[in-house]
Amino acid sequence: MDLSYLIDDDDPERYTVRPLQPTMKAVVTTGNGGYDKLDYRDVPRPKPRAGELLLKVLAAGVNNTEINTRLGWYSSSVTAGTEQFSDREQEGEIADGGWNEKTPFPFIQGTDCCGEIVAHGEGVTDVALEIGKRVLVRACMRRYGYHSLENIWMASDFDGAFAQYVRVPASEVFVVDCDWSDVELATIPCAYGTAENMVHRAGVTADDRVLVTGASGGVGSAVVQLCKRRGAEVIAVAGRAKMTKVESLGVDQVVPRGADLLAELGDSSVDVAIDNVAGEGFTQIPKILKRGGRYASSGAIAGPIVTLDMRDFYLKDITLIGCTAWDEPVFPNLVGYIERGEIRPLVAQTFPLEEIALAQQEFMKKTHFGNFVLVPPQ
């Protein structure tokens, strides 16, 4: 499944489409920098190529990923956490600041997409992918198949969902049959896909006691739900102002952010730690893991540079699990959980697409619980 053509804009005129406007509204991210790099404007509507679908975007979630890419936070030169780094106005492109390689500025971000199928490209034969079906897009795409960890991401490597329309490979589109709203479905792809990938790779079971840091955030709250649906005991770490809301997710214990984990939980007290916070608090986590414990992470919002006592790592036979490329079962699993009512969406606030700068500013205050969602003009 070679998806490298997505990064290439050689646009053959082979498509079937019902009459649509030739232009659309979109937010074009023009380069590394502040909110002034988010340009809401008219752009040409994309045309689905062979093997692709054209989707009308019904709602698009807001994530750290879009903000980090705009700022260039993924650069190895950055040592601060995402909140501290977001206060800096970056001028000029940062060569290694993107998700994979050089960020393809100018381009359209938007990793989370709930959409409606409006057109088929040539060769799309899956009868489930009918015009008018409501779908979710698997944003993490394994460009050479699941035997390789090489991956590309919608909205980091090619145009995404902060627009009225988006074109995507038909193989990455999943019909969802449920009574959720468009906004609720748009909270799922990035946060829950990332969370399920960590839970899946860490092999969480009903026999595990799991520590979840950042439990009030989009990914953290998804991890809590996904661990509880597997029957695990969950200890959540969250800010004091959000502890009650985190408790509503059914956690077994909540520890206030900044607390001494060793004092609260004890040495060798948890089987699994799922940690997207990192920073200074990381040092205690290997100490509270049991012998043979598993540590999984896909982020570092409190800071990417951490201190690890290697004796905790090797003497306790700890497994460190890095999680970026989603494994094959992850997204189909999520669709099943939604359709069976095993998880629930957490919508913090919605904004019109043109108010993306305001949405990201509010997002970075970290006072919300759940996910922010943008709604394009319909």
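The values are calculated or read from the model by the stated rules, or taken from the named source; none is laboratory data. Computed from a predicted structure; not experimentally measured. With ideal geometry, Cβ positions are generated from the backbone for all residues, glycine too; neighbour counts draw on all protein chains shown.
At least 1 residues being more than 24 Å from Gln360 (Cβ to Cβ), in the same structural domain as Pro22 (by TED's automatic domain parsing) and touching a Leu at 6+ places or on another chain (Cβ under 8 Å) is the threshold, and among the strands (runs of 3 or more DSSP E) wholly inside the range 135-253 those reaching it are 165-169, 173-175. Restricting attention to the range 28-83, the residues that are over 17 Å from the mean Cα position of the chain (by Cα), under 22 Å from Lys366 (Cβ atoms) and β-branched (Val, Ile, Thr) total 3.
Note on the range 33-49: among residues that are buried (at least 16 other Cβ atoms within 10 Å of the Cβ) and among the basic types (Lys, Arg), the one that is nearest to Pro377 (Cα to Cα) is Arg45.
Are any residues in the range 20-34 more than 13 Å from Phe162 (Cα to Cα), in contact (Cβ under 8 Å) with a residue 24 or more places away in the chain and not hydrophobic (A, V, I, L, M, F, W, C), and if so, which ones? Even if it seems obvious, please write down each step before you answer.
Narrowing the range 20-34 to residues more than 13 Å from Phe162 (Cα to Cα): 20-23, 30-34.
Next, only the ones that are in contact (Cβ under 8 Å) with a residue 24 or more places away in the chain stay: 20-21, 30-34.
Within the range 20-34, Gln21, Thr30, Gly31, Asn32, Gly33, Gly34 qualify.
Considering Gly336, Gly303, Gly370, the condition of being of a type outside the set (D, E, K, R), outside the structural domain of Val135 (by TED's automatic domain parsing) and on the phi > 0 side of the Ramachandran plot is satisfied by Gly303 alone.
Exactly one residue out of Arg142, Arg167, Arg138 is closer than 19 Å to Asn64 by Cβ and modelled with pLDDT of 95 or more: that is Arg138.
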